[in-house]
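One structure below.
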Amino acid sequence: MHADRRGLQTATRPLACRTGAPFSLTKSDAAVTISNPSLADKAAEAAARATPDGVVVRVRALSDRAIAWLFIAPTIVLLLAINIFPLFWAIYLSFTNFRANRPNAEVKNVGLGNYSRVLNDPDIWASMQTTAHFVFWTILLQTVIGFALAYLIDRKFRGHAFWTTLILIPMMLSPAVVGNFWRFLYEPQIGLFAYAVSFLTGIPTSDIQMLGSVNLAPWAIIIVDTWMWTPYVMLICLAGLRSIPDYIYEAAEVDRASNWRQFWSITVPMALPFIMLAVLFRGIENFKMFDMVNLLTGGGPGSTTEVASITLKRDAFEAWATGRSSAFAIVLFVAVFGLANIYVKALNRVKQR
Amino acid sequence: MSPAKTTTVNTAHSVVEPSSRSKRIAATLVIVYALVTMLPLVWIFLTSIKSPPDSISYPPKILFTPSIEGYCNLFTTRTRQTPEYIASLPAPDGVCDAVTRQRNMVIAGPSNFLPRFTNSLIIAFGSTFLAVGLGTLAAYGFSRFKVPLADDLLFFILSTRMMPPIAVAIPIYLMYRQLGLSDTALGMMLLYTAVNVSLAVWLLKGFIDEIPREYEEAAMIDGYSRLQAFRKVVLPQATTGIAATAIFCLIFAWNEYAFASLLTSGSAQTAPPFIPTIIGEGGQDWPAVAAGTTIFLVPILVFTILLRKQLLRGITFGAVRK
């Protein structure tokens with residue numbers, strides 16, 4: 001377990017932080033990035049010891065230790081109050097029959113009852129299936145289109161920076177506000193989407209009920225999510241492509257490797273860790289997707305687009321089954337966490353290759 | 001361009017420089033994608049300057065007379081009156097008044113859009129300021145001092161972001177109800193700060209790790225205290241990183257919907273849960289919704305274009321390791 005956590009940390013790290021400066025190498029970095037962890041640690045310790053604590057200590061100056069806690073404490077207190085405490089409260093609630101709309105009713109401990117109800121509820125399994133369908137197709141489309149775009153942009157044609165900026169815009173916008181507007185675009189009679197599709201394919205607009213039809217609604221949310229988040233995958237893929245040193249291609253050119261061969265033997269394998277990282281982030285995000293789907297379809301028609309978060313919201317804030325929905329929330333968290341961990345193991349194996 | 005010339009261009013560059021033909025194909029495809037992807041956004045803007053009948057005509061109108069009605073409807077509430085009553089009124093006061101009267105209505109008062117938009121501004125900027133401030137301090141602490149269990153702490157902080165927002169909202173909802181923080185700007189600010197601070201610490205620690213320790217050490221040997229060295233040496237060096245982090249926090253807080261829709265309903269409601277509720281007579285008032293959406297999106301558009309370098313650096317931060 002411990003190793004897994006370390007692994008996940010390293011995998012998420014490249015996106016968040018630069019590694020490489022010796023004093024920044026923590027143990028977890030060392031596990032993957034450098035071969036001699038103890039050396040890095042010693043260097044870090046030596047650097048810390050070399051810090052002249054009190055070479056010129058002023059009267060009012062605080063000790064390093066005090067400063068460290070002074071700097072870190074406010075963040076920790078805030079996180080304890082608003083992240084950690086509620087999490088434990090949710091765990092506690094998941095073992096009770098508490099209902100938020102009846103705060104004065106007697107709270108009974110129901111043991112694992114909520115969990116067994118959640119795991120045996122066919123509606124919840126249906127919503128998990130809907131979520132899986134959504135996550136699978138969005139990731140597939142975004143990865144294929146995103147990588148293709150990154151590959152094309154990496155041709156560095158004139159003006160590529162400008163067009164890249166334009167492409168990025170959708171991912172900066174509010175999924176809720178833009179998702180809401182897509183309802184208008186999807187209107188079968190007056191919407192631009194139906195009109196454009198019917199113009200291109202000849203299908204009458206009345207048949208293009210993107211949000212009203214049971215068959216099309218799941219695709220309606222996939223299209224909007226792909227429109228919004230393909231740029232994100234593209235950016236990470238672009239970073240991956242740019243990390244491939246030129247000399248590898250030059251060597252391949254000298255060996256007269258065809259473009260096709262270069263693409264499959266150099267480009268794809270070397271960009272793969274980045275692609276996998278993009279998939280991880282999009283996977284986690286889409287697993288918890290709520291805002292865009294809530295505004296586009298609200299889970300409908302029927303429950304065809306009811307992803308897990310929507311079921312959770314209905315349980316918690318419409319049915320007010322606080323205890324049971326807390327159990328469902330914990331199950332979801334454990335599922336994301338578990339899947340992410342397994343995935344990161346695979347990612348690390350690819351990285352080491 | 002003649003073939004001979006192309007060859008010289010190719011040899012002048014490195015071997016891996018793509019040929020001009022492949023560049024042209026790539027440019028065409030990327031530009032087509034960019035234009036298609038911009039269409040929904042262009043349509044939002046066009047709808048915002050259409051009159052309501054134009055906005056719902058079939059086929060969708062591309063050429064139309066621009067109208068300010070959407071923006072008028074966004075900022076006002078209106079009541080229907082008889083034509084006789086409207087004829088008896090004094091001359092209209094301003095453009096919006098005139099536009100409204102043409103529809104046999106009179107302006108009854110301001111709508112809730114402006115207060116909701118102001119809430120968005122206060123909560124987004126307030127929480128960004130707090131998150132970046134706290135995050136910078138904590139990141140410096142984690143970067144420069146040996147903090148017991150630092151790795152586990154950092155990991156735990158980050159893993160809370162894997163929770164679905166609705167799952168977090170259940171206990172927060174109960175807690176805020178107890179503390180009287182439900183539907184207050186302060187409550188939302190604290191919540192967004194807590195969500196953002198984990199990312200801020202994570203990003204900023206990377207930026208601060210990059211600043212050589214020697215700078216501070218030199219400053220401290222010259223007589224600076226640790227705090228002075230932090231303020232006068234580290235902070236100026238970290239400005240770019242702090243700016244990049246601030247943009248991310250701001251975008252998150254500005255766009256957030258799930259918490260806002262569950263935890264605010266009235267006085268502290270932000271724009272994202274408000275905009276979808278703008279309705280006219282007989283359904284959604286699309287020009288007004290589009291107007292609200294446009295006003296709401298413009299700040300982010302400007303940010304994206306002006307600060308694209310920092311944004312890119314933040315998103316792909318450190319992913320490029322040479």
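The values are calculated or read from the model by the stated rules, or taken from the named source; none is laboratory data. Nothing here was measured: the structure is a model prediction, and the numbers come from that model. In this analysis, Cβ positions are derived from the backbone assuming ideal geometry, glycine residues included, and neighbour counts consider all displayed protein chains.
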Residue check, A:Val224 more than 7 Å from chain B (Cβ to nearest Cβ), modelled with pLDDT of 85 or more and over 27 Å from the mean Cα position of the chain (by Cα): no
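For A:Ser326, state whether it is at pLDDT 90 or above, within 17 Å of the chain's Cα centre (by Cα), assigned to a helix (DSSP H, G or I) and within 18 Å of B:Ala258 (Cα to Cα).
no
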When restricted to B:Leu227, B:Leu154, B:Leu235, B:Leu186, the only residue of a type in the set (A, V, I, L, M, F, W, C), farther than 22 Å from B:Ile251 by Cα and free of Cβ contacts under 8 Å to residues at least 40 places away in the same chain is B:Leu227
Pairs returned, first residue in the stretch A:297-316 that is not assigned by TED's automatic domain parsing to the domain that holds A:Asn180, second residue that is crowded, with 19+ Cβ neighbours inside 10 Å and at pLDDT below 90, beta-carbon separation under 6 angstrom, 6 or more apart or interchain, are none
Review point. Condition test on A:Val344, is it β-branched (Val, Ile, Thr) and surrounded by 24 or more Cβ atoms within 10 Å (Cβ to Cβ)?
Key: no
Per the filter on the stretch B:260-288, residues closer than 15 Å to A:Phe184 by Cβ, more than 7 Å from chain A (Cβ to nearest Cβ) and part of a helix (DSSP H, G or I) are B:Thr277, B:Pro287, B:Ala288
Selection from the stretch A:78-100 of residues among the aliphatic types (A, V, I, L, M) and not in a helix (DSSP H, G or I) yields A:Ala100
Checking A:Ala100, A:Ala126 in turn, the sole residue that is within 23 Å of A:Phe290 (Cα to Cα), more than 8 Å from chain B (Cβ to nearest Cβ) and surrounded by 13 or more Cβ atoms within 10 Å (Cβ to Cβ) turns out to be A:Ala126
B:Leu307 fails exactly one of (1) modelled with pLDDT under 90; (2) within 13 Å of the chain's Cα centre (by Cα); (3) more than 10 Å from chain A (Cβ to nearest Cβ); (4) surrounded by 21 or more Cβ atoms within 10 Å (Cβ to Cβ), namely (4)
- [ ] Consider B:Phe145 carefully, then state whether it is within 25 Å of the chain's Cα centre (by Cα) and aromatic (Phe, Trp, Tyr).
- [x] no
Conditions (1) free of Cβ contacts under 8 Å to residues at least 12 places away in the same chain; (2) at the interface with another protein chain (Cβ under 10 Å from one of its Cβ atoms); (3) not charged (D, E, K, R) -> A:Asn120 fails only (2)
Wholly inside the stretch B:1-91, helices (runs of 4 or more DSSP H) that include 3 or more residues that are among the aliphatic types (A, V, I, L, M) and at pLDDT 85 or above are B:20-48
Checked against (1) within 21 Å of the chain's Cα centre (by Cα); (2) exposed (fewer than 15 other Cβ atoms within 10 Å of the Cβ), A:Ser309 satisfies every condition except (2)
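Conditions tested, residue by residue: (1) on the phi < 0 side of the Ramachandran plot; (2) aliphatic (A, V, I, L, M); (3) surrounded by fewer than 16 Cβ atoms within 10 Å (Cβ to Cβ); (4) over 19 Å from the mean Cα position of the chain (by Cα).
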site: B:Gln178; (1), (2), (3), (4): yes, no, yes, yes
site: B:Met188; (1), (2), (3), (4): yes, yes, no, no
site: B:Ala219; (1), (2), (3), (4): yes, yes, no, yes
site: B:Pro236; (1), (2), (3), (4): yes, no, yes, yes
site: B:Cys249; (1), (2), (3), (4): yes, no, no, no
In the stretch A:320-329, anything out of contact with any strand residue (DSSP E or B) (no Cβ under 8 Å at 6 or more places or on another chain) and either more than 12 Å from B:Ile170 (Cβ to Cβ) or in contact (Cβ under 8 Å) with a residue 60 or more places away in the chain (or both) is listed as A:Trp320, A:Ala321, A:Thr322, A:Arg324, A:Ser326, A:Ala327, A:Phe328, A:Ala329
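For every residue, the table says whether it meets (1) in a loop (DSSP other than H, G, I, E, B); (2) within 11 Å of another protein chain (Cβ to nearest Cβ); (3) not hydrophobic (A, V, I, L, M, F, W, C).
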| site | (1), (2), (3) |
| --- | --- |
| A:Val144 | no, no, no |
| A:Arg158 | yes, yes, yes |
| A:Ile169 | no, yes, no |
| A:Tyr195 | no, yes, yes |
| A:Ile203 | yes, no, no |
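Hey, among B:Pro92, B:Pro53, which residue is free of Cβ contacts under 8 Å to residues at least 12 places away in the same chain and in contact with a Lys or Arg (Cβ under 8 Å, 6 or more places away or on another chain)?
B:Pro92
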The helices (runs of 4 or more DSSP H) lying entirely within the stretch B:132-251 that contain at least 3 residues which are under 24 Å from A:Leu332 (Cβ atoms) are B:150-159, B:165-179, B:185-210
The residue from B:Phe248, B:Phe274 that alone is over 17 Å from A:Val178 (Cβ atoms) and touching a residue at least 60 places away in the same chain (Cβ under 8 Å) is B:Phe248
Across (1) in contact (Cβ under 8 Å) with a residue 60 or more places away in the chain; (2) crowded, with 22+ Cβ neighbours inside 10 Å, A:Leu332 clears everything bar (1)
Please verify whether A:Ala278 is touching a residue at least 12 places away in the same chain (Cβ under 8 Å) and more than 30 Å from B:Pro18 (Cβ to Cβ), treating the condition exactly as stated.
no
